[in-house]
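Participant: Structure provided below as structure tokens; questions to follow.
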Ligand SMILES: Nc1ncnc2c1ncn2[C@@H]1O[C@H](COP(=O)(O)OP(=O)(O)O)[C@@H](O)[C@H]1O
Ligand SMILES: [Mg+2]
């Protein structure tokens, strides 16, 4: 089920991207077509290696497509070169998966966020500083405190805020978020997702939100596209897709979302667990080595922590 978006800002038509490795061809993206409406968030979901990042990079023209079109606001990016392409690229930005790796460790935050402005030819340092301070404040960082510091002084969540600020400094219309929360602590993920929602509303952005986690995509997307082995198998409005998946692969992905069950009670921690290594389920008793004497060398299962303890620690499991 492929659904057309009304008033598309980005339109991908029959895109094919391949890699050549050791004389073999990897079909990373095969004949993908999709549309993203102005102001919409399209979630792109699929297992690792199915071609999501390659599609994002091909949309940005960071990877050349073998065939197909990428129409941004009516202009085919695949045919643009030089200055016209650079101009278009200012309107399309990318947020990477690993925020720490995507920041130059030797440059100060103020310079990192200002870099796109330098490349875009904004010559006035005052103007650059004003814009950098504005976006840093927008992402919840104090420009006076962070501008002069280096990336290693920040946590993963703060680095992702800096990356978001950098991607917004040129006032783009379309942002590709390539797994922006996958590398972050679970406790920080919601903050970054909320920040992206806030930035979307504030700057009127259109988002392509790439993730392998369906639960994350569900939280932020208006429509969802499901990718499998380089092809789109289903595209549809988020609620409809989650309520009535049309493709069996989508149904499988939805089934794989972990559901927290408050009725499940965790077993009480075993007091001596820290002193023992987790041991695999032992072989059947019959094949255990026979030992004479009062204590048989038969591993036993602890009632408290449900681990199998080696015979030597058998006395310790009566607690
Ligand atoms: N630079 C590259 N060179 C060769 N193969 C690549 C390269 N980048 C990605 N691939 C291959 O292309 C396929 C899609 O990769 P990718 O787009 O990174 O997937 P995803 O982002 O969904 O995890 C994978 O099989 C991957 O191994
Ligand atoms: Mg990827």
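The values are calculated or read from the model by the stated rules, or taken from the named source; none is laboratory data. The model shown is predicted, which means the values in this text are computed figures rather than measured ones. We place every Cβ from the backbone using ideal geometry, glycine too, and count neighbours over all the protein chains shown.
Participant: Among the residues of region 20-53, count how many are without any contact (Cβ under 8 Å) to a residue 40 or more places away in the chain and within 11 Å of ligand 2 (Cβ to nearest atom). Break it down stepwise before answering.
Facilitator: Going through region 20-53, the residues without any contact (Cβ under 8 Å) to a residue 40 or more places away in the chain turn out to be 20-26, 35, 49.
In the following step, the residues that additionally are within 11 Å of ligand 2 (Cβ to nearest atom) were identified as 49.
The qualifying residues number 1.
Participant: Could you list all residues from region 217-231 that are in a helix (DSSP H, G or I) and crowded, with 23+ Cβ neighbours inside 10 Å?
Facilitator: Scanning region 217-231 gives a single hit, 217.
Participant: Just give me the residues in region 217-233 being in contact with a strand residue (DSSP E or B) (Cβ under 6 Å, 6 or more places away or on another chain) and more than 16 Å from ligand 1 (Cβ to nearest atom), in sequence order.
Facilitator: Hits for region 217-233 are 220, 221, 222, 223.
Participant: While we're on this one: Just to check your reading of the model, which residue among 122, 118, 113, 135 is away from ligand 1 (no atom under 16 Å from the Cβ), free of Cβ contacts under 8 Å to residues at least 12 places away in the same chain and touching a helix residue (DSSP H, G or I) at 6+ places or on another chain (Cβ under 6 Å)?
Facilitator: Working: 118 fails: touching a helix residue (DSSP H, G or I) at 6+ places or on another chain (Cβ under 6 Å); 113 fails: free of Cβ contacts under 8 Å to residues at least 12 places away in the same chain; 135 fails: free of Cβ contacts under 8 Å to residues at least 12 places away in the same chain.
Result: 122 is the single residue among 122, 118, 113, 135 that is away from ligand 1 (no atom under 16 Å from the Cβ), free of Cβ contacts under 8 Å to residues at least 12 places away in the same chain and touching a helix residue (DSSP H, G or I) at 6+ places or on another chain (Cβ under 6 Å).
Participant: Follow-up. Looking at 209, 174, 242 in this structure, which one is within 16 Å of ligand 2 (Cβ to nearest atom) and in the same structural domain as residue 87 (by TED's automatic domain parsing)? Spell out how you get there, then give the answer.
Facilitator: Details: 174 fails: within 16 Å of ligand 2 (Cβ to nearest atom); 242 fails: within 16 Å of ligand 2 (Cβ to nearest atom).
209 is the lone residue from the list that is within 16 Å of ligand 2 (Cβ to nearest atom) and in the same structural domain as residue 87 (by TED's automatic domain parsing).
Participant: Please state which of the following conditions residue 179 fails to meet, knowing it meets all the rest: (1) surrounded by fewer than 16 Cβ atoms within 10 Å (Cβ to Cβ); (2) at positive phi.
Facilitator: Going through (1) surrounded by fewer than 16 Cβ atoms within 10 Å (Cβ to Cβ); (2) at positive phi one by one, residue 179 breaks only (1).
Participant: Still on this model: Hey, among 130, 108, which residue is farther than 27 Å from residue 186 by Cβ and surrounded by 14 or more Cβ atoms within 10 Å (Cβ to Cβ)?
Facilitator: Details: 130 fails: surrounded by 14 or more Cβ atoms within 10 Å (Cβ to Cβ).
Criteria check complete, one pass: 108.
Participant: Go through the residues of region 181-200 one by one and say whether even a single one is within 16 Å of ligand 2 (Cβ to nearest atom), within 22 Å of residue 112 (Cα to Cα), part of a strand (DSSP E or B) and in the same structural domain as residue 56 (by TED's automatic domain parsing).
Facilitator: No, the conditions are met nowhere in region 181-200.
Yes or no, residue by residue, for (1) more than 13 Å from ligand 1 (Cβ to nearest atom); (2) more than 21 Å from residue 239 (Cβ to Cβ); (3) touching a helix residue (DSSP H, G or I) at 6+ places or on another chain (Cβ under 6 Å):
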residue: 7; (1), (2), (3): yes, no, no
residue: 37; (1), (2), (3): yes, no, no
residue: 63; (1), (2), (3): no, yes, yes
residue: 68; (1), (2), (3): yes, yes, no
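Participant: Among the residues in region 183-197, are any within 14 Å of the chain's Cα centre (by Cα) and within 16 Å of ligand 1 (Cβ to nearest atom)?
Facilitator: Scanning region 183-197 turns up at least one residue that is within 14 Å of the chain's Cα centre (by Cα) and within 16 Å of ligand 1 (Cβ to nearest atom).
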